[in-house]
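Single-structure report; data block below.
The values are calculated or read from the model by the stated rules, or taken from the named source; none is laboratory data. The structure displayed is predicted, hence computed values, not measured ones. Virtual Cβ from ideal backbone geometry, glycine too; neighbours counted across all protein chains shown.
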Amino acid sequence: MAHAYTPGLKVTDRLLVEKRRILPLKGEVVVKVGDKVEPDDVVARTELPGNVEPLNVANKLGVPPEDLPLVMVKKEGDVIKKGEPIALKKSFIKWFSSSCEATIDGTLESISSVTGQVLQRGLPIPVEVKAYLRGEVTEVIPQEGVVVSCEAGFVQGIFGIGGETYGNIKVAVADNTTVLEENLVTDDLKGCVVVGGSLVTAAALRKAIKVGVKGIVIGGFDDKDLRDFLGYDIGVAITGSEDIGTTLVVTEGFGQINMAERTFELLKANEGILACINGATQIRAGVIRPEVVILSEGKAVTKDTEEHTAVGGLAIGSPVRVIRHPYFGKLGTVTDLPPQLTRLESESMARVLEVEFSDGTRAIVPRANVEMIEG
């Protein structure tokens, strides 16, 4: 039980990052194993079926549904264009003839002599999957997608919003305790992934979107600001599909919480380097965490990389974050791991550890109340 702990966020300067880039439907893979790719490179493409739009032709022409096939001038599978006749009701008197026109471009999918309706299928919707990373294609999954791999620095966040994007890292604050205020968001940050300190204000986030900042990495964010900004409460479903103009990755939690010094220093040391970020988060089964991938020059990853980034169990000296009251959000180092069960204030028995915080104070904390900062 010496290794019992809550898995934590990964923060490392060297990691084998592998991303599966998969199409929603079978299609065409346009790269091969060994190809070098950039974040914007298309690796696979397909077409989604167009939207279906029903049209009650029998009702429009005033004919019984069973007579619908007799008045159709377009058949199932035919290409249709918006405004062109697809059905025609003739009359001995020319002025009493009537027609029914297609309402969309696409194809005529079906004709029903029971309901009197036809189904129009819109034009196919093209879908492209991009590499997301700068790296190498290490696997091709025929008709489905690829695996892109690279050696990179890697920072996991605890919560995020917004989808995949990329930009050069730019540190906008003096240290990890500084609040990213509106006045710190300047025009020269356009196209960058901006690193803040303990909090980003709602005003700063709005200005970042206006300036054209690609992403913000921050220690904390006020949940009220998040609700006001999005206009709704975040539930347990996955985030990442929000179309807000920038991507936000929160590394520590809600409220004003200093970004972990180790995380801040890693990002600061890579200022000017291209980073890919993704705010997608899911906190229920199938956990997805937001991430910052700090890209190298796309060199192939060796076995040494995997060995370098292997993570062991909790041990004396391990960096941890407390994730429950009364020390929620505090960072420290494990100084003792007593093996015996200890009676807590609640009278329950649990295994504990001693942690020394950055201010030099120490506390006894249940092991289930900490997460290890992996590196």
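Can you name every residue in region 242-266 that is assigned to a strand (DSSP E or B), farther than 16 Å from VAL155 by Cβ and either aliphatic (A, V, I, L, M) or not assigned by TED's automatic domain parsing to the domain that holds LEU230 (or both)?
None - no residue of region 242-266 is assigned to a strand (DSSP E or B), farther than 16 Å from VAL155 by Cβ and either aliphatic (A, V, I, L, M) or not assigned by TED's automatic domain parsing to the domain that holds LEU230 (or both), so the list stays empty.
Counting only residues that are of a type in the set (A, V, I, L, M) and not in a strand (DSSP E or B), which one in region 131-185 is farthest from VAL195 (Cα to Cα)?
My answer is ALA131.
Does at least one position in region 267-282 carry a residue that is among the small types (Gly, Ala, Ser), within 26 Å of PHE328 (Cβ to Cβ) and either part of a strand (DSSP E or B) or touching a helix residue (DSSP H, G or I) at 6+ places or on another chain (Cβ under 9 Å) (or both)?
Looking through region 267-282, none of the residues is among the small types (Gly, Ala, Ser), within 26 Å of PHE328 (Cβ to Cβ) and either part of a strand (DSSP E or B) or touching a helix residue (DSSP H, G or I) at 6+ places or on another chain (Cβ under 9 Å) (or both).
Restricted to region 227-244, and to residues that are surrounded by 15 or more Cβ atoms within 10 Å (Cβ to Cβ) and out of contact with any strand residue (DSSP E or B) (no Cβ under 6 Å at 6 or more places or on another chain), which residue is nearest to GLY212 (Cα to Cα)?
Per the criteria, the residue is ILE244.
Hey, can you tell me all the residues within region 327-350 that are more than 37 Å from the chain's Cα centre (by Cα) and buried (at least 18 other Cβ atoms within 10 Å of the Cβ)?
Here is the first cut: in region 327-350, the ones more than 37 Å from the chain's Cα centre (by Cα) are 336, 338-349.
The answer is none; no residue qualifies.
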